[in-house]
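Worksheet for the structure shown next.
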Amino acid sequence: MKNFMQIFAGVDVYPLLFAIKRRTELWCEDTYLRDYPQGPFSDTETIMLRFPIKTVLETQAELEAYGKSDAQHESVDYPPYAKLPEARPIVFAIMARVQGERLGRVMINKLRPGGKVFPHADTPVHATYYSRFHAVLQTAPGCNFRCGDETIHMETGTVHWFNNELEHEVTNNSVVDRIHMICDVRTSLR
């Protein structure tokens with residue numbers, strides 16, 4: 001099985017990209033991922049559109065002990081989702097394309113030129129529950145995404161699935177910010 005799969009191309013990303021560029025203050029509203037202790041996202045900025053309610057309960061055992069076994073899979077809309085309605089057509093197109101049954105996290109990540117998303121694998125319980133999709137809003141040659149033993153460059157306007165259960169990392173050796181919208185979707189294939 002390949003670690004990446006392009007699921008479609010030709011996505012009109014410019015309405016969302018322009019909306020983000022007009023609302024630069026949204027990058028500063030939530031620093032949860034960037035500030036996560038020993039996390040891989042210190043070089044990124046994130047606009048949280050949908051995310052679980054942040055809690056100190058991080059492990060499945062902790063959640064189950066407090067009667068919240070499904071809580072880590074439940075995402076809620078954050079205020080930027082209403083402020084960026086241009087994201088919805090892309091989210092709904094992904095859901096339709098993969099016959100999504102449940103929408104999880106949706107976030108827009110910006111990786112600065114020269115920045116890295118450091119090697120990591122996503123939480124196994126989350127990675128096996130949801131499929132992870134990247135809608136590429138802005139990129140340039142030199143921005144490479146490694147998953148397992150495979151490395152690719154994703155083009156602007158494409159949407160890719162990737163196997164986030166495997167170790168992965170991103171290196172932005174380009175001169176522009178790499179901006180991706182990440183969507184977690186539960187499908188009947190899971």
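Things worth noting here:
- Top-ranked residue in region 161-180 [being acidic (Asp, Glu) and under 17 Å from residue 40 (Cβ atoms); ranked as surrounded by the fewest Cβ atoms within 10 Å (Cβ to Cβ)]: 167
- Cross-chain or 6+ apart pairs with Cβ under 7 Å, region 25-41 first and part of a helix (DSSP H, G or I), then modelled with pLDDT of 80 or more and of a type in the set (Asp, Glu): 27/45; 34/45
- Condition check for residue 185: at pLDDT 95 or above, part of a strand (DSSP E or B) and in contact with a Cys (Cβ under 8 Å, 6 or more places away or on another chain): no
- Candidates in region 7-17 are the residues that are touching a helix residue (DSSP H, G or I) at 6+ places or on another chain (Cβ under 8 Å) and hydrophobic (A, V, I, L, M, F, W, C); of these, the one that is surrounded by the fewest Cβ atoms within 10 Å (Cβ to Cβ) is 8.
- Residue match in region 69-84 (condition: within 14 Å of the chain's Cα centre (by Cα) and hydrophobic (A, V, I, L, M, F, W, C)): no
- Considering residues of region 91-103 that are out of contact with any Lys or Arg (no Cβ under 7 Å at 6 or more places or on another chain) and not in a loop (DSSP other than H, G, I, E, B) only, the residue nearest to residue 48 (Cα to Cα): 91
- When the residues of region 123-155 are filtered to those that are crowded, with 17+ Cβ neighbours inside 10 Å and of a type in the set (Val, Ile, Thr), the one that is farthest from residue 33 (Cα to Cα) is 139.
- When residues of region 83-103 are limited to those that are within 13 Å of residue 181 (Cα to Cα), in contact with a Phe, Trp or Tyr (Cβ under 9 Å, 6 or more places away or on another chain) and not aliphatic (A, V, I, L, M), the one surrounded by the fewest Cβ atoms within 10 Å (Cβ to Cβ): 88
The values are calculated or read from the model by the stated rules, or taken from the named source; none is laboratory data. What you see is a predicted model, and the numbers here were worked out from it, not measured in a lab. All Cβ positions, glycine included, derive from the backbone under ideal geometry; neighbour counts span all protein chains shown.
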